[in-house]
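Single-structure report; data block below.
The values are calculated or read from the model by the stated rules, or taken from the named source; none is laboratory data. Just so you know, these numbers come straight off a predicted model, no measurement behind them. We place every Cβ from the backbone using ideal geometry, glycine too, and count neighbours over all the protein chains shown.
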Ligand SMILES: Cc1cc2nc3c(=O)[nH]c(=O)nc-3n(C[C@H](O)[C@H](O)[C@H](O)COP(=O)(O)OP(=O)(O)OC[C@H]3O[C@@H](n4cnc5c(N)ncnc54)[C@H](O)[C@@H]3O)c2cc1C
């Protein structure tokens, strides 16, 4: 095996987690109190805790495992509002207003991250890239045309093309300009450092087991302790505390990502096959 092949060996589980080491925090033992408890320290929980602490809210962050060791540590690192073939589906299933809201929320998220990185001069390999959804079959090409109509209906900027710099035949493609990619853990490393500076208590290996609703407060029972708080934000990717039968709608999914070094330079852009049912199932280069 050459040195180049060896750098990302079969032992490599995540380039992001292998190249950035986040600080470690002790588990919670005993009882404590806070105004807001954020359960789950992936990108959702860390960002939420950061935004609240910045506004002067007393916040505590816990994770059942290590920080960013859930899905956040293993993504394709795109910050994009183009999540596969989604907008035509959203208009048909939820209506135009909600589909537009979905786009707006994702666009605002992208702007928030971009501005935050710029204003605070964070080093996390952030760079703007177009997001490109491509078709390799006639059926996918038709789906992309429908998706473009949905973009037009919602006022989303997008260009339909049949020419993309990929090394295989593509029927057509839909380009969403102005999206971004970054090193998610370099980015979160900076947010966590800010949380520490603001004295936000962080506990790892602290599994929230249940929430007890009291008259004036809530008590979250963890493996080895409990936290009294006014509000609980569940950022655990799936709800650990079920009050609307979410468990009945949950099912397990597994996606696979392959990271490779190439001999030549890759074309610009973040590519996703329209044949992939859901954006989370990568297929990106
Ligand atoms: C293969 C793949 C690629 C992806 N690529 C992208 C991408 O490029 N761009 C993008 O935006 N999205 C991508 N996603 C979607 C991605 O999942 C989300 O964007 C994001 O990482 C989810 O973050 P999260 O913080 O909500 O969840 P997670 O990162 O899963 O964090 C949840 C945390 O909650 C903790 N937790 C769970 N239960 C408890 C409990 N009871 N008590 C305490 N803590 C608990 C977990 O330990 C975990 O750390 C991808 C997903 C997959 C699977």
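Can you find a residue that is within 15 Å of the ligand (Cβ to nearest atom) and crowded, with 18+ Cβ neighbours inside 10 Å anywhere in segment 87-99? No, there is no match, as no residue in segment 87-99 is within 15 Å of the ligand (Cβ to nearest atom) and crowded, with 18+ Cβ neighbours inside 10 Å.
From the set of residues in segment 175-187 that are over 15 Å from residue 109 (Cα atoms) and crowded, with 16+ Cβ neighbours inside 10 Å, which is farthest from the ligand (Cβ to nearest atom)? Applying the filter and picking the extreme gives 175.
Quick grid of which residues meet (1) in contact with a strand residue (DSSP E or B) (Cβ under 7 Å, 6 or more places away or on another chain); (2) farther than 18 Å from residue 203 by Cβ:
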position	(1), (2)
35	yes, no
60	yes, no
82	yes, yes
99	no, yes
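Of all residues in segment 17-41, exactly one satisfies the criterion of being within 12 Å of the ligand (Cβ to nearest atom) and at pLDDT below 95, namely 17. When the residues of segment 213-223 are filtered to those that are farther than 14 Å from residue 203 by Cβ and part of a strand (DSSP E or B), which remaining residue is modelled with the lowest pLDDT? Applying the filter and picking the extreme gives 213. Across segment 224-256, the qualifying residues are those that are assigned to a loop (DSSP other than H, G, I, E, B) and surrounded by 14 or more Cβ atoms within 10 Å (Cβ to Cβ), and the one among them that is modelled with the lowest pLDDT is 255. On the stretch given as segment 180-212, residues that are touching a residue at least 40 places away in the same chain (Cβ under 8 Å), in a helix (DSSP H, G or I) and over 20 Å from residue 18 (Cα atoms) total 3. Identification of strands (runs of 3 or more DSSP E) wholly contained in segment 51-166 with 3 or more residues that are more than 25 Å from residue 258 (Cα to Cα) yields 59-62, 159-161. Considering 71, 44, the condition of being within 16 Å of the chain's Cα centre (by Cα), within 12 Å of the ligand (Cβ to nearest atom) and at pLDDT 95 or above is satisfied by 44 alone.
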